[in-house]
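Input: a single structure, listed below in structure tokens.
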Amino acid sequence: MKILRTHLFMAIFGLIAFGNIAQAQEGEIKLRYFGTAGWEITDGTITVLVDPYISRLKLGEGPSTSKDDTRSVYHPSDVFQSDTVLINSLIKKADFILVHHSHFDHLSDVPYIAKMTGAKVIGTESTTNVLKAYGVPNEQLFTVKGGEDYQFENFSVRVLESIHSALNDKHYFDSRTIPASVTAPMQISEFVEGGSLMFLARFKNHKVLTMGSMNYIERELDGLRPDIMLPGVNFSRLEIYKYTERMMQLTGYPKTVIPSHWDNFRVPYGFSQEKAINDKVKPFIEEVKAASPNSKVIIPVHLETITIKK
């Protein structure tokens, strides 16, 4: 077997008990953090998953892994395998899946989850090519590029063009896409970016702005006015000019800010994230306080439910 499945670690730490997200009451919205840029969001009527990467493979060895994580190591040339037992224990329902871009830590678990739930998936052409390769029916797939604003029953979503984090000291650029000829199963290295998006997800009483990396296009954010924002806050935000200050101003100083894409996703649920919180999240909180003193910042805990009232 390639890996010792993460659900064994879940059982050790007693996290299986979290199960599915609790039912939201009238006016409430509930969010559950899966790590990386992954979320489950529900208002009691509609359940939306965002970049639900749950398998959390041990990718390589080094400072991002733990000596206590005894799972087998994955390499970019290895075929990706979803931890289906863990996914089944956490995901019970999904109406929509929003995918920011096609890197493995955003997309790789989506084919299994989409087939399991029948959810509609909204993503780039690269994303839908992957899902088709894995056998997700065409009627579930909505291919977008940014600029679309779709009304569904009890839910609407505005698709925003975006750009990926400025990695490698601002040397990051990747024009590759995932072609329609791709075949499954895919190697981890085959999950290339394929373009980036953001989403403004509108529920009955709340507007949630989601981000899949630590970058944005200023004109796309201007005037959105979400009441909840899920910004990426990893180190690469520091490569962007006045990242937090501009983001808060452009979006009208959202009432609630919940940091995303900050955790060490190469270790299983239940392992300490203290270093990531101290190094990334706490400095970001200070940036928000300086830019928007009236905004409330909530630090999410893996798999725990955050309830926000109207």
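The values are calculated or read from the model by the stated rules, or taken from the named source; none is laboratory data. The model shown is predicted, which means the values in this text are computed figures rather than measured ones. So basically every Cβ, Gly included, is an ideal-geometry build from the backbone, and we count neighbours across all protein chains shown. These accessible areas exclude ligands, DNA and RNA; they are computed on the full protein's heavy atoms, side chains included. Shrake-Rupley method; radii C 1.70, N 1.55, O 1.52, S 1.80 Å.
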Residues that are over 26 Å from SER175 (Cβ atoms), in contact with a Lys or Arg (Cβ under 9 Å, 6 or more places away or on another chain) and open to solvent by less than 10 Å² (accessible area, probe 1.4 Å), drawn from the stretch 97-123 = ALA114, ALA119
Scanning the stretch 30-42 residue by residue, the ones that are farther than 13 Å from THR210 by Cβ and either crowded, with 23+ Cβ neighbours inside 10 Å or small (Gly, Ala, Ser) (or both) total 2
Quick one: which helices (runs of 4 or more DSSP H) lie wholly within the stretch 105-204 and hold at least 3 residues that are under 20 Å from ASN234 (Cβ atoms) and in contact with a His (Cβ under 8 Å, 6 or more places away or on another chain)?
-> none
The stretch 244-276, residues that are out of contact with any strand residue (DSSP E or B) (no Cβ under 6 Å at 6 or more places or on another chain), among the aromatic types (Phe, Trp, Tyr) and open to solvent by 10 Å² or more (accessible area, probe 1.4 Å) = TYR253, PHE271
If you go through the stretch 34-41 one residue at a time, do you hit one that is under 24 Å from MET198 (Cα atoms), among the hydroxyl-bearing types (Ser, Thr, Tyr) and assigned to a strand (DSSP E or B)?
-> no
Provide a single number: the residues in the stretch 273-309 that are closer than 23 Å to ILE91 by Cα and either in contact with a His (Cβ under 8 Å, 6 or more places away or on another chain) or without any contact (Cβ under 8 Å) to a residue 24 or more places away in the chain (or both).
-> 2
Residue count, the stretch 133-142, condition more than 20 Å from ILE87 (Cβ to Cβ) and surrounded by fewer than 17 Cβ atoms within 10 Å (Cβ to Cβ), comes to 2
Tell me, which residue of the stretch 60-81 that is over 22 Å from the mean Cα position of the chain (by Cα) and closer than 26 Å to TYR112 by Cα is surrounded by the most Cβ atoms within 10 Å (Cβ to Cβ)?
-> ARG71
So which residues in the stretch 185-225 are closer than 18 Å to GLY123 by Cα and either exposed (fewer than 15 other Cβ atoms within 10 Å of the Cβ) or free of Cβ contacts under 8 Å to residues at least 24 places away in the same chain (or both), if there are any at all?
-> GLU190, ILE217
Hey, does the stretch 293-309 have a residue that's closer than 15 Å to TYR243 by Cα and either crowded, with 19+ Cβ neighbours inside 10 Å or touching a Ser or Thr at 6+ places or on another chain (Cβ under 9 Å) (or both)?
-> no
Kindly indicate whether any position in the stretch 279-299 is in contact with a Gly (Cβ under 7 Å, 6 or more places away or on another chain) and modelled with pLDDT of 95 or more.
-> no
